[in-house]
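Read through the structure below, which is laid out as structure tokens, and then see the notes.
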Amino acid sequence: MLSRIYAGLSHEHLQRILGDGLSMAAKSLSKMVGQDVRVTVDEFRLVPVREVARTLGDPDEVVVGVSFSLTGQLEGRLSLLIERAGVLGLMDALLKRPAGTTKSFQDMEKSAVNETANILSNAYITVLSREIQMTILPGAPRFSEAPLGDLLESLVMEDSEVAVEERFLLLRHSLSAPGLTLQGNLVMFLKTGDTDIG
């Protein structure tokens, strides 16, 4: 379970892993946007499955979600859940549009959202894999736009091995660039089976 994976990592060590991953993501996003982008960790903790929904906020708020299945020596799922208004603003920046232009997500916008999510998730997974010396491979991104509660319910139901005593890693992060700020959550569940963590 996730708490077992992190059992040998201090709070400071985990914070460094997150910081290194997001620093890597910020560099890549800066190249995409064409201006300096900062990604900061606002909070991270292990949250019991039954508490995830109420921890993240209003279940009726429509958010943008991008989900990845995780395979390799560790399996599970990683999802990015981001405020919709902020993502629309990010699309304006990425697609070189005047602020306020993007109103919905068509194929081009969905592709840009998925690419952004790829950068954020892969940066973190790369650093985590290196630190725990185990292979974790993210699959193709899956875009969703739905109420937060529905996305979280779908996330738990898809991982049929998730039990009520299991914990998710919850990471709150902020992405900022000139004239742009958005907040999001990274939610991850890993299952280890009988694998020994080094």
Report task. State which residue is surrounded by the most Cβ atoms within 10 Å (Cβ to Cβ) when the search covers only segment 97-142 and only residues that are touching a Gly at 6+ places or on another chain (Cβ under 6 Å) and assigned to a helix (DSSP H, G or I). Result -> TYR124
Requested in this report: State whether one or more residues within segment 51-59 are closer than 22 Å to ALA177 by Cα and at pLDDT below 80.
Outcome: no
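Table: residues versus (1) surrounded by fewer than 15 Cβ atoms within 10 Å (Cβ to Cβ); (2) of a type in the set (Val, Ile, Thr); (3) out of contact with any Asp or Glu (no Cβ under 9 Å at 6 or more places or on another chain); (4) in contact (Cβ under 8 Å) with a residue 12 or more places away in the chain.
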{"residue": "VAL49", "(1), (2), (3), (4)": "no, yes, no, yes"}
{"residue": "THR55", "(1), (2), (3), (4)": "no, yes, yes, yes"}
{"residue": "LEU74", "(1), (2), (3), (4)": "no, no, yes, yes"}
{"residue": "LEU78", "(1), (2), (3), (4)": "no, no, yes, yes"}
{"residue": "GLY86", "(1), (2), (3), (4)": "no, no, yes, yes"}
Query raised in the report: Can you tell me which residue in segment 15-28 is modelled with the lowest pLDDT, limited to those that are among the aliphatic types (A, V, I, L, M) and out of contact with any strand residue (DSSP E or B) (no Cβ under 7 Å at 6 or more places or on another chain)?
Result: ILE17
Query raised in the report: Taking interchain pairs and intrachain pairs at least six residues apart, which have beta carbon atoms under 7 angstrom, with the first residue in segment 29-44 and in a strand (DSSP E or B) and the second of a type in the set (Lys, Arg)?
Result: ASP42/ARG172; GLU43/ARG172
Query - Residues within segment 160-180 that are surrounded by 13 or more Cβ atoms within 10 Å (Cβ to Cβ) and either at pLDDT 80 or above or of a type in the set (Val, Ile, Thr) (or both), tallied - result: 11
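The values are calculated or read from the model by the stated rules, or taken from the named source; none is laboratory data. No experiment lies behind these values; they were computed from the predicted model shown. With ideal geometry, Cβ positions are generated from the backbone for all residues, glycine too; neighbour counts draw on all protein chains shown.
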